[in-house]
1. If you find the alpha carbon centre of region 20-42 and of region 114-133, how far apart are they in angstrom?
2. Near the amide H of Lys52, under 5 Å away, which other amide H atoms are found, from residues 5 or more places off or on another chain, if H is placed in the peptide plane?
3. For the chain, which whole-number percentage of the solvent-accessible area (1.4 Å probe, protein heavy atoms only) is attributable to carbon and sulfur atoms?
4. With both partners inside the chain, how many of the DSSP beta bridges are antiparallel, as a percent to the nearest 5?
5. Ranked from highest to lowest mean number of other Cβ atoms within 10 Å per residue, what is the order of the peptides 76-84, 23-31?
6. Using helices alone, I'd like the mean residue ellipticity at 222 nm for the chain: each DSSP H run of four-plus residues gives -39500 (n - 2.57), total over residue count, nearest 500.
7. Given a 1.4 Å probe and heavy atoms of the protein chains only, how would you sort Ile10, Ile46, largest accessible area at the top?
8. For P(r) over Cα pairs in 10 Å bins from 0, in percent, the choices are [x] 12, 38, 29, 13, 5, 2, 0; [y] 12, 43, 36, 9, 1; [z] 11, 38, 35, 16, 1; which was calculated from the structure?
Amino acid sequence: MITGLSHVSIVVPDLAAALEKLRAMYGLVAGEIKVNAEQGVRMTYIDLGNAKIELMEPSRPDSPVAKFLERNPRGGIHHFCLGVDSVEQTTTELSAAGAQVLGAGKVQLNVHGERIAFVHPKDFLGALIELEENKLEQNHG
């Protein structure tokens, strides 16, 4: 089922400013900036070897990330992502155990083309969880 931590996602109001701060202060360098039109975000990853930091800013005002920034104007941790062998099998098992899978039955893909799903925060100690299928893990960065 769960194979490890994939990434921690941080929403920022200004992606360029956030990248510059992380580079100048911590020496962290991000990969290519991509757009996930379906989710309404511009995003990039900082690869730490054993996990990644995902930075996201809204690409349109009606995206869930834009709504997150309305409540948290300075940004903050949005979710963390767990790798799984099969999103379909994992969400089926979690649903059977009583967890609320957001958008159940709808295939969602991340910017790398991997299948993803989200679990409601009430079912994971108050934290929004993304589940990401591991099949293309080697293509991140």
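The values are calculated or read from the model by the stated rules, or taken from the named source; none is laboratory data. Since this is a predicted model, take the numbers as computed values, not measurements. When we count neighbours, we look across all protein chains shown, and the Cβ atoms used for this are built from the backbone with ideal geometry, even at glycine. For the accessible areas, the whole protein counts, side chains as well, though only heavy atoms, and no ligand, DNA or RNA atoms are used. Shrake-Rupley method; radii C 1.70, N 1.55, O 1.52, S 1.80 Å.
1. Result: 21 Å between the Cα centres.
2. Distant-sequence amide H within range of Lys52: His7, Val8.
3. Of all accessible area on the chain, carbon and sulfur atoms account for 57 percent.
4. Bridges in the chain are about 70 percent antiparallel.
5. In descending order of packing, they fall as 76-84, 23-31.
6. -6000 deg cm²/dmol
7. Ile10, Ile46
8. Matching entry in [x] 12, 38, 29, 13, 5, 2, 0; [y] 12, 43, 36, 9, 1; [z] 11, 38, 35, 16, 1: [y].
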